[in-house]
Amino acid sequence: MLEQHIHDYFKNFPDSRGHFGPYGGRFVGETLMGAIYELEQAYQQYRDDPDFLAEMDKDLSTFVGRPSPLYLAENWSQKLGGAQIYLKREDLNHTGAHKVNNTIGQALLAKRMGKNRIIAETGAGQHGVATATVAARLGMECVVYMGAEDVERQAQNVYRMKLLGAKVVPVESGSRTLKDALNEALRDWVTNVDDTFYIIGTVAGPHPYPAMVRDFQSVIGREAKQQVMEKTGKLPDALLACIGGGSNAIGLFYPFIEDESVAMYGVEGAGHGIETGQHSAPLSAGIPGILHGNRTYLMQDENGEIIETHSISAGLDYPGVGPEHAWLKDIGRANYVSVTDDEALAAFHELTRTEGIIPALESSHALAYASKLAPTMSSDQTLVINLSGRGDKDMHTVAAMAGLNF
Amino acid sequence: MSRISQCFANLKADGQTALIPYVTAGDPEPWVTVPLLHALVDAGADVIELGIPFSDPMCDGPVIQKACERALKNDVSIKQVLGMVKKFREKNKETPIVLMGYANPIEAMGYQNFAEMAKDAGVDGVLTVDVPPEESDEFRQIMDDHEIDTIYLVAPTTSAERMETIASFARGFIYYVSIKGVTGAAALDVSEVSQKLAQLREKTDLPLGVGFGIRDGKSAAAVSEIADAVVVGSTLVRCIEEHADKLDELPAAVAGLLAEMRHAINARDLASA
């Protein structure tokens, strides 16, 4: 099955209706269907448009600072005693994470579609900040929905968004976290559908979002492929990335999908442990269902109600996952694994001390799995980890674990 | 002829507009729902829309969101909702029941299993708000096989071309969403709705219901002027919320509100007869 699907993968997935096998699709209320088709049409028109691409490339280069470096973590590789570990430094992007690659693409598309009001959902606030940043620069109105609980936990990012001119709306419904922020953003969109562009922050939502966000994030994998070939003269042996919704992972994986020799590992948040039920690992322990516009693996109970998730990192704290990951799991092209809060935290400290790089807690999940995988590999093998964000935003959480409060 | 089609045919013969109340099953307590449904019928409901509670009701405004939360606090599952319909049917064999909700609880049951249990319980129609026609082939087929009507939405943003597709898939009646927004949000504009309904009538002979934005007798009567059915939800659910700690008064209070709309619609129907 694997070979059959990987051959011509780029051409076949998603299909014209946004399906990755049984996953993906367009599951939204009728009121939004027109807007989704309008977006799809605009995206088809501009995705290969030389002017659009030139403007995006210019922004990625001079505003974001791309290409991001591929860094050989020599100390850490040596210490683990296996594969050579390269870090794709998305943490060095403007605003501190990979999120901005996507918000630039979508905001430029919004501008061309004549939509001057931007809405977004955010969990930890990274996507909200990346959206508020491009909205400020392009002079667009920006409203960010954020779970009330996350607003309390991430006061600093809330303030950053406000400084950038965005309106941050705390969402009090449901579990008051990321999934509820997404619900509320969809409610806003349905109400203001004529003049509003919804910038979704991950590879979820109805078609064309999963494919569009993937395409905008694929700059990560394209650069990494070229950089690793330049440095080692061959394809890497394995890729690793953390998975919440899965945008940084698909961004790294996608350009390598047809290169069958490259193994892929998506690392989910096992929270307090998969067996406790307190985690955010739908690919590892969920079942397929429909939420937020697409069919994918979900954390749900036997009645189809979405259940609350837990992860030390707010960016992974989501009950669903992008539909393309669900498909890559089923066809066996990528491996989906998980690490606990404690393992991620240990990796956070490890990288900080051995390499002088403070990673985001999200990215620390990928690092934690790498510390298990690398020693099983030989020193002539290479492993590329997407260091999707920097840890500045997590100082508060990490300090609190050590009993410190600022 | 399905119970829904029969109901609309009878009303048409009498020159009457259908009144369709929506309530969320199990709100605020599971045992309240069946007596409430009977009270709604007594107050003049022609068809009942019974909401399946869902944890993430993204097409609904705060009133119905809270109704879902109240029901889920008591772990009201889709199977229990079907149980309520079955119990309702012990005393009522005439009033059509349409289940309204989101895709995932039905997905979790499996379409086939859901269809069998729903048919057995006496469900007449299903409206899944987040499943547009393009994603509903398999579901529609299975519902057809079990003679359960699949109800579809048409919105102010629906193009003429889509209306045609939806009309070809729709069974029972078509639900026109009168405003761009979530349930219980804004007041509707009757002349705007009227134009859209005229457009829709060119594509279908099915009865047309209008919902979202109907709050009282006056707006119900205004909509009955142009539609075959008036759907009212958030106003009733707000009344349920207000009576959440006065459960003995709840059915009568909600029924009273519906009766007011019934009278206003009847007066209008008579005037135009």
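Throughout, read-outs are computed from the coordinates displayed, never taken from laboratory work. What you are looking at is a predicted structure, and each value in this text was computed from that prediction instead of being measured. With ideal geometry, Cβ positions are generated from the backbone for all residues, glycine too; neighbour counts draw on all protein chains shown.
Mind checking which of B:Lys91, B:Lys196, B:Lys66 has the largest fluctuation in a GNM of chain B, springs on alpha carbons under 10 Å?
In this elastic network of chain B, the residue with the biggest mean-square fluctuation among B:Lys91, B:Lys196, B:Lys66 is B:Lys91.
Calculate the mean, over all residues of peptide B:150-157, of how many other protein chain Cβ atoms lie within 10 angstrom of the residue's Cβ.
4
Taking 2.2 N^0.38 Å as the expected size of a compact globular protein, what ratio does the Cα radius of gyration of the protein assembly as shown give against it, to two decimals?
For the protein assembly as shown, the normalised Cα radius of gyration is 1.00.
Report, in deg cm²/dmol and to the nearest 500, the calculated mean residue ellipticity at 222 nm for chain B, where each DSSP H run with n ≥ 4 adds -39500 (n - 2.57) and the sum is divided by the residue count.
Calculated mean residue ellipticity at 222 nm is -15000 deg cm²/dmol.
What full-extension length gain, to one decimal in nm, is calculated for B:Lys119 and B:Leu270 as 0.36 nm per residue of separation minus the Cα-Cα distance?
The span from B:Lys119 to B:Leu270 would gain 50.8 nm if fully extended.
Assign one of three labels to the stretch A:117-219, namely rounded, prolate or oblate, based on the Cα gyration tensor with a ≥ b ≥ c the square roots of its eigenvalues; rounded applies when a/c is under 1.5, prolate when it is not and a/b is larger than b/c, and oblate otherwise.
Verdict is rounded for the stretch A:117-219.
With the crude spin-label approximation of a point 7 Å out along Cα→Cβ, what separation in nm comes out for B:Trp31 versus A:Gln4?
5.6 nm
Quick query: amide H of B:Leu19 versus all other amide H atoms, modeled in the peptide plane; which residues come in under 5 Å with a sequence gap of 5 or more or a different chain?
Distant-sequence amide H within range of B:Leu19: B:Asp46, B:Val47, B:Val230.
Kindly identify chain A as rounded, prolate or oblate by the Cα gyration tensor criterion: order the square roots of the eigenvalues as a ≥ b ≥ c, call it rounded if a/c is under 1.5, otherwise compare a/b with b/c, prolate if a/b is larger, else oblate. The partial results should precede the final answer.
Working: a/c = 1.33, a/b = 1.21, b/c = 1.10.
It comes out rounded by the Cα gyration axes.
Quick one: putting +1 on the C-beta of Lys and Arg, -1 on the C-beta of Asp and Glu, what dipole do you get for the stretch B:183-264 around its Cα centre, in Debye to the nearest 20?
Values: 8 positive and 13 negative charges, 45 e Å.
It comes to approximately 220 debye.
How far, in nm, would the chain grow between A:Gln278 and A:Asn75 when pulled straight, counting 0.36 nm per residue and subtracting the alpha carbon separation?
Length gained, A:Gln278 through A:Asn75: 69.7 nm.
Among A:His94, A:His127, rank each residue by its count of other Cβ atoms within 10 Å, from fewest to most, as a rough exposure measure.
Going from least to most buried by this count: A:His94, A:His127.
Of the candidates A:Pro206, A:Pro22, A:Pro288, which one comes out as most mobile in a Gaussian network treatment of chain A with C-alpha springs shorter than 10 Å?
Looking only at A:Pro206, A:Pro22, A:Pro288, the biggest GNM fluctuation is shown by A:Pro22.
Which helices, taking whole DSSP H runs in chain B, have alpha carbons extending 20 angstrom or more along the helix axis plus mean Kyte-Doolittle at least -0.5?
B:78-91, B:250-272
Pick out, from A:Trp189, B:Cys7, B:Leu40, the residue whose Cα sits farthest towards the positive end of the charge dipole of the protein assembly as shown, with +1 on the Cβ of Lys and Arg and -1 on the Cβ of Asp and Glu.
A:Trp189
Between A:Ala54 and A:Lys11, what is the FRET efficiency for a Förster distance of 22 Å, r being their Cβ-Cβ separation, to the nearest 0.05? Walk me through the numbers before you get to the answer.
On the way: r = 25 Å, r/R0 = 1.15.
The formula returns an efficiency of 0.30 here.
As a test of the formula, what do you get for chain A when each DSSP H run with n ≥ 4 contributes -39,500 (n - 2.57) and the sum is divided by the residue count, at 222 nm and rounded to the nearest 500 deg cm²/dmol?
-12500 deg cm²/dmol
With the Cα gyration tensor of the stretch A:97-176 in hand, convert its eigenvalues to equivalent ellipsoid semi-axes via √(5λ) and list them largest first in whole Å. Show your work: numbers first, answer last.
Values: eigenvalues 92, 29, 24 Å².
Those come to 21, 12, 11 Å.
Rounded, prolate or oblate: which one fits the stretch B:1-155, using the alpha carbon gyration tensor with axes a ≥ b ≥ c (rounded when a/c is under 1.5, else prolate when a/b beats b/c, else oblate)?
In terms of gyration-tensor shape, rounded.
Return the lysines within reach of B:Lys12: Cα separation strictly under 27 angstrom, same-chain partners fewer than 8 residues apart disregarded; answer none if there are no such residues.
The qualifying lysines are B:Lys91, B:Lys93, B:Lys119, B:Lys196, B:Lys203, B:Lys218.
So how do A:Arg295, A:Arg17 line up by other beta-carbon neighbours within 10 Å, fewest first?
Fewest-to-most ranking of A:Arg295, A:Arg17: A:Arg17, A:Arg295.
Let's see if you can work this out: charge +1 on each Lys and Arg Cβ, -1 on each Asp and Glu Cβ, no other charges. What is the dipole magnitude of the stretch B:31-142 about its Cα centre, in debye to the nearest 20? Present the calculation step by step, with values, prior to reporting the outcome.
Working: 11 positive and 18 negative charges, 125 e Å.
About 600 debye.
Tell me the label-point distance for the pair B:Asn74, A:Thr354, using the 7 Å Cα-to-Cβ offset, in nm and rounded to one decimal.
5.6 nm
Give the Debye-formula value of log10 I(q)/I(0) at each listed q (0.07, 0.15, 0.17 Å⁻¹), with one equal scatterer per alpha carbon of chain B, two decimals each.
Normalising to I(0) and taking log10 leaves -0.21, -1.10, -1.49.
Scattering from the C-alpha atoms of the stretch A:220-272 alone, worked out with Debye: what is log10 I(q)/I(0) at q = 0.13, 0.18, 0.22 1/Å?
These q points yield log10 I(q)/I(0) values of -0.32, -0.57, -0.79.
Based only on the alpha carbon positions, what is the Kirkwood hydrodynamic radius of the stretch A:48-119, in angstrom?
14.3 Å
Putting +1 on Lys and Arg Cβ atoms and -1 on Asp and Glu Cβ atoms, find which of A:His349, A:Ala368, A:Ala334 reaches farthest to the positive end of the dipole of the stretch A:333-406.
Result: A:Ala334, furthest along the dipole toward the positive end.
Report the FRET efficiency, 1/(1 + (r/R0)^6), for B:Lys246 and A:Glu308, where r is their Cβ-Cβ distance and R0 is 22 Å, rounded to 0.05. Working shown, then result.
Working: r = 31 Å, r/R0 = 1.41.
Computed FRET efficiency for B:Lys246 and A:Glu308 comes out at 0.10.
Starting from the Cα of A:Gln44, step 7 Å along the direction of its Cβ; do the same at A:Ser61; then give the gap between the two resulting points in nm.
3.1 nm
What is the antiparallel percent of DSSP beta bridges lying wholly in the stretch A:25-165, to the nearest 5?
Looking only at bridges with both residues in the stretch A:25-165, the antiparallel portion is about 35 percent.
Can you give me the Kirkwood hydrodynamic radius for the stretch B:221-273, using every pair of distinct Cα atoms, in Å to one decimal?
Computed over the stretch B:221-273, the radius equals 12.1 Å.
Taking the Cα centre of the stretch A:69-187 as origin, work out the dipole magnitude from +1 charges on Lys and Arg Cβ and -1 charges on Asp and Glu Cβ, in debye rounded to 20.
Roughly 440 debye, rounded to the nearest 20.
Could you work out the relative contact order of the stretch A:1-119, using alpha carbon pairs under 8 angstrom and six or more residues apart, expressed as a whole percent?
Relative contact order here is 17 percent.
Please name whichever of B:Val230, B:Ile214, B:Thr204 sits farthest to the positive end of the charge dipole of the stretch B:198-249, dipole taken about the Cα centre and charges placed at Cβ: Lys and Arg +1, Asp and Glu -1.
Checking the options against the dipole of the stretch B:198-249, the answer is B:Thr204.
In a GNM of chain A with a 10 Å cut-off on Cα contacts, which of A:Ile220, A:Ile290, A:Ile385 has the highest mean-square fluctuation?
Evaluated over chain A, the most mobile residue of the options is A:Ile290.
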